[in-house]
Amino acid sequence: LILLCVSGIRAEIAWYSVPEEAERGSFVANIAKDLGLTGEELSVRQGRLVPDGEKQYLQLNQHTGDLVVREQMDREELCGQSEPCLVRFEVLLESPLQSFRAEVRLTDINDHAPVFLNKEIVLKIPESAMPETRFLLESAQDPDVGNNSLQHYSISSNEYFHVYTGRRNDGRRYAELVLDRALDREQQAEVAFSITAVDGGTPPRSGTALIRVVVLDINDNIPVFTRSLYKVPIRENSSLDTLVVVVSASDLDSGTNGEITYSIFQNSEENLQTFKMNPGTGQILLKKPLDYEETKTYEIDVQATDGGGLSAHCKVEVQVEDVNDNAPEVIITSLTSTLSEAAPPSTVVALFNVRDRDSGDNGRTTCELAGEQPFGISLLAPDAYALVTLEALDREQVAEYNVTVRARDEGSPPLSASKTLLVRLLDVNDNAPTFTQDIYTMAMSENEPAGTSLGRLRATDTDVGENAHVRYAIEAPPPATPAAASFVSVDAESGTVRTLRPLDYEKVRAFELVVRASDGGSPPLSTQAVLRIAVQDQNDNAPVVLHPHPDSSAAGELVPRWAPSGYLVAKVVAVDADAGQNAWLSYELAKATEPGLFRVGLHSGEVRTARAVTERDAPRQRLVVLVRDRGHPPRFTTASLAIALVHDFSDAFLQLDHDPASREQPQVAEEDLLTTYLIASLGCVSSLFLLSVIALATAKLCKARLRAHLSRPSDSCYADGDLASDAVDVGGMGTLSPAYRYEVCLTTGSGRSEFQFLRPVL
């Protein structure tokens, strides 16, 4: 059931084989074909190899699906004498994630010949040895396995011995020299021949050594071991020089022939490197540390030799006992370091293996996760696991996880190992922006110029990257609603609210907009907020007088001569289109015919008599009331009132009907305009007069020069004294030259001495 929950994960094992020492690029198998995929599908799903160890000897061609040799492999180096020699790996596919376990068996080739460690073997055999006596020989070493390993021994032709090839429990071959006929030292003191070790390869390989048999004089008794086979256990964590076993042999001879010396007979180089022997006591001691995972059993041949050269042999079988000295290893074969927060439960995050080199309970492991996290472990195959999600993830709550995988064996005491995986969550657009306020309230002054900043909207998004990039916009208003969106704009990036055009408080006092904040995700998410903008009034309207109407005549208020102090004469009514204090009005008396006679209410605008009316007061009174608001700066206007002081109704009628002044309502504005016209007219007349004088003077000067060339005037012309009676002398006025004469003709009866004609006398 657990396997079915992990989608796309398979634990099938495929077996392949390749000879050792295969060249780089050598074809092993077609993985794509075995998986039922094409080369294109394998490439699209990013198929790759994950080795079981640190070194990768094989390579997968993603385009063809061929499994080829990446680096030459030496079976003896990788596995030694162990058989079979397997190179394990996994094939990982994505979309969906799948795992296939495979093993490549390295087949042995006959690349090693048997080798004798000693090229010359010396045997000392007494001449009393009986036929069929066997003598153990040193074994040849061949690292190959199977048929390529050492298969049999042979010796060169001689008349005394033949060789017997035996097989040990571990499968290794050994040689024994068998005596065919009795030796005679007096006839032949030494027998020499060669021994050949041959393996089973094709073609076979062999190694040769020389055997020299030295014939000894008679030694009646040979050493005898108390046991022919010693079986002893030893723990793999035993320290150096630990006593393994004590072998014992006895010799019935006396003297030198009865003295026994013990030695490890050469049958394995590994035995000589691992154990050492005390020649006198027969103690076998540990020479180097043991490792159950490398070698589980040692077979040692011990030789006991007396002083006469006779020897005997026994076998010691050392069984290495496993101890829990290897902690489990967590090997990550595939890891998805970045995971989408939208990944559903049971999504595979990582694949890993747990390996323990111990055996039995010491090598049996369990896996667990440290701490409480939304992940779990699923068993795919023995010692193969998958790290999967157990629940939905949320990057906004936890952005990354440090997942610690702990492996523990069942040894005593148990050993454990852990590995921490960093899993980062990729953001998806699952959070809409959020405004800091549901309703934003801002204020703007009326007549505010376009482009003025009113404030800023702010929205945040808990996502990251483009998913958190917030942009602002104004929602389109429904049809047939005021186009409030044309009053202000919102900056798409910063959210700054700016005016688009000036507004009139008297027309728009407040308006409301819906603004939207959208993120940059796909698809984008958005949220809304309300933007309320209040227009603040400015003092841009002057008061307007409603009564008396500005276009009506000034006359219209009658006050009886008997009116006491405080008598209500009239009321000035004015309004201001502004609001607040800009619309608060105050009234004051600006002008009055008699300032002390009337007063105006500051806030009411009521015109009342300040004292009792007397007969001395002029019958016609004119008042100018100033109306002022409280804005900054204040604005004002005026209202004119004409008041008639009357005794009765008929008197009031006569004053209003016959008094010319009653039909004239002087306006301040008209008087000012008339003054302007008079000043302009006076300037024009003065300019014309000045130009006329200049033109006249110029003309006189020209005529004077012309007269100088003419004859002098006759005596009939007027002399200076002739003007005394009938003309007026203007020569002495100081403004004209004496050279000019003017004739003044007076009309008959001009009693007022007015000029009727004036012309120059030439």
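The values are calculated or read from the model by the stated rules, or taken from the named source; none is laboratory data. Note that the structure is predicted; figures quoted are calculated from it, not measured. Virtual Cβ from ideal backbone geometry, glycine too; neighbours counted across all protein chains shown. For the accessible areas, the whole protein counts, side chains as well, though only heavy atoms, and no ligand, DNA or RNA atoms are used. Shrake-Rupley method; radii C 1.70, N 1.55, O 1.52, S 1.80 Å.
Annotations for the structure displayed:
- Summarising the amide proton neighbourhood of Ile121: residues at separation of 5 or more, or on other chains, whose placed amide H is nearer than 5 Å comprise Leu210, Ile211, Arg212.
- DSSP-defined antiparallel bridges as percent of all bridges, the chain, nearest 5: 80
- Within the full protein context, the accessible area of Asp648 is estimated at about 80 Å² for a probe radius of 1.4 Å.
- Modelled FRET efficiency - R0 56 Å, Leu426 with Asp241, Cβ distances, 0.05 increments: 0.40
- Remark: the range 607-648 carries a charge dipole of roughly 260 debye about the Cα centre, counting +1 on each Lys and Arg Cβ and -1 on each Asp and Glu Cβ.
- Shape of the range 168-283, Cα gyration tensor, a/c cut at 1.5: oblate
- Sequence-distant lysines (8 or more away, or on other chains) whose Cα lies within less than 19 Å of Lys287: Lys231, Lys276, Lys296, Lys315
- Amide H contacts under 5 Å for Asp383, placed H, 5+ residues apart: none
- A simple spin-label model places the labels of Arg532 and Leu78 8.0 nm from each other, with each point 7 Å out along Cα-to-Cβ.
- Only Lys, Arg, Asp and Glu carry charge here, each on its Cβ (+1 for the first two, -1 for the last two); on that basis the range 213-280 has a dipole of about 360 debye about its Cα centre.
- Probe 1.4 Å - accessible area at Tyr292, Å² to nearest ten: 40
- Helix 668-707 vs. the chain, principal-axis angle (Cα, 0 to 90°, nearest 10): 70
- Signed unit charges on C-beta, dipole axis of the chain, positive-most listed residue Pro204, Gly280, Tyr153: Pro204
- Aspartates and glutamates with Cα under 18 Å of Lys55, excluding same-chain neighbours fewer than 8 positions away: Glu20, Glu21, Glu23, Glu71, Asp74, Glu76, Glu77, Glu90, Glu103, Glu329
- Inter-label distance, nm, simple model (7 Å from Cα along the C-beta direction), Ser157/Ala610: 17.1
- Think of the chain as a dipole: +1 on every Lys or Arg Cβ, -1 on every Asp or Glu Cβ, centred on the Cα centre; then among Met444, Leu137, Phe598, Phe598 lies furthest on the positive end.
- Accessible surface of the chain, 1.4 Å probe, proportion on carbon and sulfur as whole %: 53
- Within the range 449-474: backbone nitrogen closer than 18 Å to the Gln437 label point (7 Å, Cα to C-beta): 453-460, 472-474
- Modelled FRET efficiency - R0 51 Å, Val514 with Glu40, Cβ distances, 0.05 increments: 0.45
- For the range 358-387, backbone nitrogen atoms closer than 11 Å to the point 7 Å from Arg88 Cα along Cα-to-C-beta are found at 381-385.
- With Cα atoms, 0 to 90° folded angle of helix 649-658 axis to the chain main axis: 90
- R0 of 25 Å, Cβ-Cβ distance Thr462-Ser418: FRET efficiency to nearest 0.05: 0.15
- Spin-label model, Gln581/Glu400: points 7 Å from Cα along the beta carbon direction are separated by 6.1 nm.
- Within the chain, helix-based [θ] at 222 nm, where runs of 4 or more DSSP H residues each add -39,500 (n - 2.57), nearest 500: -3000 deg cm²/dmol
- At 0.890 mPa s and 25 °C, Stokes D of the chain from Kirkwood alpha-carbon radius, µm² per second: 58
- Think of each Lys and Arg Cβ as +1 and each Asp and Glu Cβ as -1; about the Cα centre, that makes the dipole of the range 544-653 roughly 260 debye.
- In terms of accessible area, using a 1.4 Å probe and ignoring ligands and nucleic acids, Ile679, Ile121 rank largest first as Ile679, Ile121.
- Heavy-atom surface of the range 434-536, accessible at 1.4 Å and reported per residue (Å²): 53
- Amide H partners (placed H, <5 Å) of Arg48, local residues excluded: Leu92
- 3J(HN,Hα) from dihedral phi, the range 63-74, Karplus parametrisation 6.51/-1.76/1.60, rounded to Hz, x for glycine, proline: 7, 9, x, 7, 9, 10, 7, 8, 8, 4, 10, 9
- Length gained on full extension, Leu117 to Thr202: 28.2 nm, using 0.36 nm per residue less the C-alpha separation.
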